[in-house]
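The values are calculated or read from the model by the stated rules, or taken from the named source; none is laboratory data. From a predicted model like this one, the values you see are computed outputs, not experimental measurements. Ideal geometry is used to build each Cβ from the backbone, glycine not excepted, and the neighbour counts take in all protein chains shown. For the accessible areas, the whole protein counts, side chains as well, though only heavy atoms, and no ligand, DNA or RNA atoms are used. Shrake-Rupley method; radii C 1.70, N 1.55, O 1.52, S 1.80 Å.
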Amino acid sequence: MSSVIHFQNVSHKFKNHTILNDVTLQIKDTEKVSIIGPAACGKSVLIKIACGLIVPDQGTVSLFDTPLNQCSETELTDLRKDIGMLFQSGALFDFMSTADNVAFPLRQQAILSEDIIAKKVSERLDAVGLGSSSALPISALSGGMQRRVGIARAGIALPKLVIYDEPSAGLDPVTTSKIYDLLSNDQKEHLNTVIVISSDIESLQKFTDRMIMPYHGDIIYDGSSDKIFDCKNPIVHQFIRGETQGPL
Amino acid sequence: MIKSSHSYLFQITKRMMQETGEIALLIGQIIRVSIPPRVDRNELLKHTYRMANMSLPIIALTAFFVSGILILQSSTFVKQFDAKAIVGWATGFSLFREIGPIMIALMFSGRIGANNTAELGAMTITNQIDGLKALAIDPIEYLIAPRVYAMVFSLFILTTIGIGIAILGAMLFSIVILDMSYLTFYRSLFDNLYPADFIHGLVKSIAFGIAIALTSCHFGMNIRQGAIGVGHSVNAAVVSSAIAIILFDFFLTYMLA
Ligand SMILES: Nc1ncnc2c1ncn2[C@@H]1O[C@H](COP(=O)(O)OP(=O)(O)OP(=O)(O)O)[C@@H](O)[C@H]1O
Ligand SMILES: [Mg+2]
């Protein structure tokens, strides 16, 4: 299995706030990984570093076996053609309609005809329960609807790596289950690599095989999703049980 | 006191040099995506049409009344010395070479430049620029370069139209206020002015367009603190482009004289 993301001795901090401290980490092809951790522990920054949106202070980050620090802007753009991403803030384009947002990655590939794109977009929007909202502008959607549009857009071009930052934030339990089913089916069909950031431990345990927990610069848990409840680290122990007493 | 004003001056100079450096980098990036030329003609026309459409009324209005002001200001002198023969030349000369391009550029900066900074700023703070990058789109190629070209292009067109309106206005005002004949104005204008005077103004308008486009895009993409930052950036963009316009004007007037 080839490596999709490879961090070698990566360190990064904002002013005095250490996000990653000499972290080495590898995510391989077809893996399903979740990243968990308390608020502001650096989950979103970690994935932004992984796709070259933030350049780390030290260390080497490789994406699809290509070291990013040796890439030109154009090469980096080429690498990102194989990534789909849901940003925590949605990052939907408000100068386009809902359907155009979802169609955007396909149009950029310029492979499919408009007819086929339209068909795929409506299938995708139906899958996230937004079939009837395709003509609406982004500003007319609720927070949860925007999140689902972001999910639809992230996966539509069947990228080799899909990253979902908080896919279930603001969604009700039923919609959340449907979304995870969709992610799961996508992954089974296309065998791509999926990274999910979320605090919904229960859903993550069902969907992902591996969990990673960054905390104060270190990776304090990196192992199987099933065994995380056996972890002795007091921070991990407290976090996954949601207890109020403890080091957090 | 002296020390603090020194350090303030130092801060300002440092900041200005930093911004100028970043704008130079932006120029490099725009050149990078422009070789070979990949400008989408439809996109360019669409943006140009939108920008020209947005600012035409305000520019036409200013051009018309500025010409009126010129005539009013000169009226005492013209009447006193019966200097009607130079009215066409004097207004044409100042409108073509100086007042036309600079007034129109300042209006354009307030209307289109500020709008562009706010738009890009809102996109930056809502992560849409990162969103484009993550979808393998180069924001410079997709968002910035077309806007820069469209702004330069539309300011050029608007300057031409604006100066035309101002000249017509000056003619009208000189007939009404100075009791001049249409022919006197016309002769004075066309017998004494050369195409070079007009070209002088258009060269300036291109330089001003570049200044407005670069500053407004730069400040739009470099927003630091959320919605408040958008306000600060729009402000900084308008002030910086006004300064850039005046400086460019000075050096171009010097070089083209
Ligand atoms: N551009 C930035 N400049 C300065 N500090 C930043 C920047 N981006 C993130 N940070 C800081 O880095 C820390 C980690 O941020 P990050 O967004 O990764 O948190 P997170 O783990 O995703 O949290 P959450 O669960 O709330 O989304 C935060 O303390 C944040 O203030
Ligand atoms: Mg986050």
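Tabulated data for the structure shown
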{"item": "Mean accessible surface per residue for the protein assembly as shown, computed with a 1.4 Å probe while every protein chain stays in place, in Å²", "result": "49"}
{"item": "Structure-based [θ]222 nm, chain B - -39500 (n - 2.57) summed over DSSP H runs of at least 4, per residue, nearest 500", "result": "-28500 deg cm²/dmol"}
{"item": "Total accessible surface hidden between B and A, rounded to 100 Å², 1.4 Å probe", "result": "1600"}
{"item": "Neighbouring partner chain Cβ atoms per residue of A:91-100, average, 10 Å criterion", "result": "3"}
{"item": "Relative contact order (%) - criterion: Cα under 8 Å, at least six apart; region: chain A", "result": "25"}
{"item": "Sites A:Q58 and B:N235 - FRET efficiency at Förster radius 35 Å, r taken between beta-carbons, to 0.05", "result": "0.45"}
{"item": "Apportionment of accessible area to carbon and sulfur, chain B, percent (1.4 Å)", "result": "72"}
{"item": "Rounded, prolate or oblate (a/c below 1.5 giving rounded, otherwise prolate when a/b exceeds b/c) for chain B by Cα gyration tensor", "result": "prolate"}
{"item": "Per-residue mean of C-beta atoms belonging to partner chains within 10 Å, peptide B:133-146", "result": "5"}
{"item": "Amide H contacts of A:S11 (H built 1.01 Å from N, under 5 Å, at least 5 apart or other chain)", "result": "A:D22, A:V23, A:D57, A:Q58, A:G59"}
{"item": "Inter-probe distance in nm under a simple model that places probes 7 Å from Cα toward Cβ, at A:Q238 and B:R187", "result": "9.5"}
{"item": "Label point distance in nm, A:T66-A:D22, each placed 7 Å from Cα along Cα→Cβ", "result": "3.1"}
{"item": "Pairwise label distance in nanometres, B:L247 with A:Q8, each label 7 Å out on the Cα-Cβ vector", "result": "4.4"}
{"item": "Residue mean of other protein chain beta carbons inside 10 Å, A:71-81", "result": "3"}
{"item": "Protection proxy ranking, peptides A:136-147, B:98-109, average beta carbon neighbours within 10 Å, highest first", "result": "B:98-109, A:136-147"}
{"item": "Solvent-accessible area of B:F156 with every protein chain in place, 1.4 Å probe, in Å² to the nearest 10", "result": "70"}
{"item": "Taking segment A:48-96 and dividing mean pair separation by its residue count, relative contact order in percent (alpha carbons under 8 Å, at least six apart)", "result": "23"}
{"item": "Segment B:36-87 and segment B:88-120: distance between their alpha carbon centers, rounded to Å", "result": "7"}
{"item": "Solvent-accessible area of B:V39 with every protein chain in place, 1.4 Å probe, in Å² to the nearest 10", "result": "70"}
{"item": "Span-like helix ranges in chain B, DSSP H, alpha carbon extent 20 angstrom or more, Kyte mean at least 1.0", "result": "B:145-177, B:195-221, B:226-256"}
{"item": "Cβ crowding within 10 Å averaged over residues, with A:188-194, B:50-56 ranked highest first", "result": "B:50-56, A:188-194"}
{"item": "Long pairs among A:K48/A:K232; A:K48/A:K81; A:K81/A:K160; A:K28/A:K48; A:K13/A:K48; A:K81/B:K133, criterion Cα-Cα beyond 20 Å", "result": "A:K48/A:K232"}
{"item": "Integer Hz, Karplus 6.51/-1.76/1.60 couplings in order for segment A:165-171, x for Gly and Pro", "result": "9, 6, x, 9, 4, x, 9"}
{"item": "Solvent accessible area, Å² - B:V176, 1.4 Å probe, full protein context", "result": "110"}
{"item": "Relative contact order of segment B:40-256, defined on C-alpha pairs under 8 angstrom at six or more residues apart (%)", "result": "36"}
{"item": "Axial C-alpha extent at least 15 Å, average Kyte-Doolittle at least -0.5 - helices from chain A (DSSP)", "result": "A:114-127, A:143-155"}
{"item": "Alpha-carbon centroids, segment B:211-225 and segment A:72-127: separation in whole Å", "result": "26"}
